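Accompanying notes for the structure given below.
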Amino acid sequence: MRILLAEDEPVSRHLLQVCLTGWGYEIVVAADGAEAWQQLERGDGPSIAIIDWMMPGMDGLEICRRVRAQGREPYVYVLLLTERHQQDDVVAGLKSGADDFMTKPFDEPELRARLRVGERIVQLQTELVAAREAMRSIAVVDALTGLPNRTAILQTLAKELNRTRRERAPLSVGLVDIDHFKQINDTYGHLAGDAVLRQTATRMQAPLRSYEAVGRWGGEEFLIILPGCDAQVAHLVTDRVRSAVAVEPLLIEGASVSITCSVGLATTCDGRIVQPLELVSAADLAPYRAKAHGRNRVEAAEVAHAG
Ligand SMILES: [Mg+2]
């Protein structure tokens, strides 16, 4: 773990440095307050800081305040060094955002124990952040395919609809439905069905550009968002997706299974107000018609606008 050591007195600084290095810490040294802040300001700065209260340039309290105002993650644990006669001011130090304090001259075992407390706090906080990020990911990612889930792709659609309406640009959505999926599940089992969904998800992404998005809508349905694409372009793009899905049979349980999909399209343009779900519903009408015409095709919905 990296520790920032900010101390303006050379002798005290040297003693601390010897101790900390001996305990196996990686040390970043600052000889005044400004240098200390320069180190902590960085996003990848040390997670533990030993800061002398009295320093030229910027004192320890000011550094504490800045560190807390910055609210960096991972957390910066601050141990403030004070003189004996400053004991009464400790409350002020803690109020400014210090986590702990120690009086000089420092006692080695005490410093070491206090640093262990700091390490524990930093470690716990890092785990907490990781857990929070994992939860966030669970909330927006479809576990089976790794694509954005329904909630996430709807949010993207809402955002893109707002943007394209402001710019009076067209926007199309394609609702992709894997043909005969129930039959695949019934014949080869649900694990095979899952494999088909994963493979289809992978194949669908290849023809899309970076600003186009695909998410799992539910079951065997996927939603593709095509910002800036009118009906004609959307037809071309989704037909590429359709053909990427059907490119070659999948090997499932030793059997070669042809996978195809049908795509329903809906487009909005001219800055009209349309709700995300209305647009998706419009696209949803199409696969049924596509299937009536035979599967493995792209079909544009007749009702492209709501409102
Ligand atoms: Mg000093």
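The values are calculated or read from the model by the stated rules, or taken from the named source; none is laboratory data. Model, not experiment: these values are computed from the prediction. A quick note on method: Cβ atoms are made from the backbone with ideal geometry, for glycine too, and the neighbour counts reach across all protein chains shown.
Would you tally the residues in segment 42-72 being surrounded by fewer than 16 Cβ atoms within 10 Å (Cβ to Cβ) and in contact with a Lys or Arg (Cβ under 8 Å, 6 or more places away or on another chain)?
Summing the residues that are surrounded by fewer than 16 Cβ atoms within 10 Å (Cβ to Cβ) and in contact with a Lys or Arg (Cβ under 8 Å, 6 or more places away or on another chain) in segment 42-72 gives 1.
Condition first: touching a Gly at 6+ places or on another chain (Cβ under 7 Å), among the aliphatic types (A, V, I, L, M) and over 26 Å from Arg132 (Cβ atoms). Now tell me which residues in segment 47-78 satisfy that.
Passing the criteria: Ile51, Met55, Met58, Leu61, Ile63.
Within segment 103-110, is even one residue in contact (Cβ under 8 Å) with a residue 24 or more places away in the chain and under 19 Å from Gln125 (Cβ atoms)?
Initially, segment 103-110 is screened for residues in contact (Cβ under 8 Å) with a residue 24 or more places away in the chain, giving 104-106, 108.
Filter once more, so that each one left must be under 19 Å from Gln125 (Cβ atoms): none.
No, segment 103-110 contains no residue that is in contact (Cβ under 8 Å) with a residue 24 or more places away in the chain and under 19 Å from Gln125 (Cβ atoms).
Scanning for something at pLDDT 90 or above, in a helix (DSSP H, G or I) and more than 30 Å from Arg203 (Cα to Cα), does segment 132-141 turn up at least one residue?
Within segment 132-141 (the criterion being at pLDDT 90 or above, in a helix (DSSP H, G or I) and more than 30 Å from Arg203 (Cα to Cα)), the answer is yes, since at least one residue qualifies.
Thr156: out of contact with any Cys (no Cβ under 9 Å at 6 or more places or on another chain), surrounded by 17 or more Cβ atoms within 10 Å (Cβ to Cβ) and in a loop (DSSP other than H, G, I, E, B), yes or no? So that I can check it myself, show each step before the final result.
Values: out of contact with any Cys (no Cβ under 9 Å at 6 or more places or on another chain): yes; surrounded by 17 or more Cβ atoms within 10 Å (Cβ to Cβ): yes; in a loop (DSSP other than H, G, I, E, B): no.
Considered against the rule, which asks whether it is out of contact with any Cys (no Cβ under 9 Å at 6 or more places or on another chain), surrounded by 17 or more Cβ atoms within 10 Å (Cβ to Cβ) and in a loop (DSSP other than H, G, I, E, B), Thr156 comes out as no.
Give the residue that is farthest from the ligand (Cβ to nearest atom), with candidates limited to residues of segment 64-100 that are part of a helix (DSSP H, G or I) and polar (S, T, N, Q). Outline the logic, then answer.
Of all residues in segment 64-100, those part of a helix (DSSP H, G or I) come to 64-70, 84-95.
If we keep only those that are polar (S, T, N, Q) as well, we get 70, 86-87.
Working: Gln70: 23, Gln86: 11, Gln87: 16 Å.
Taking the candidates together, the pick is Gln70.
Inside segment 1-63, counting only strands (runs of 3 or more DSSP E) that do not spill past its ends, which hold 2 or more residues that are over 25 Å from Leu124 (Cβ atoms)? If you could, list the steps in order and put the result at the bottom.
Working: elements: 2-6, 26-30, 48-52.
Per the criteria, 26-30.
Take Leu20 and decide whether it is more than 15 Å from the ligand (Cβ to nearest atom) and closer than 22 Å to Arg116 by Cα. I'd like the intermediate steps shown before the answer.
Working: more than 15 Å from the ligand (Cβ to nearest atom): yes; closer than 22 Å to Arg116 by Cα: yes.
So Leu20 fits the description; yes.
Give me a count of the residues in segment 1-17 that are away from the ligand (no atom under 11 Å from the Cβ) and surrounded by 15 or more Cβ atoms within 10 Å (Cβ to Cβ).
6
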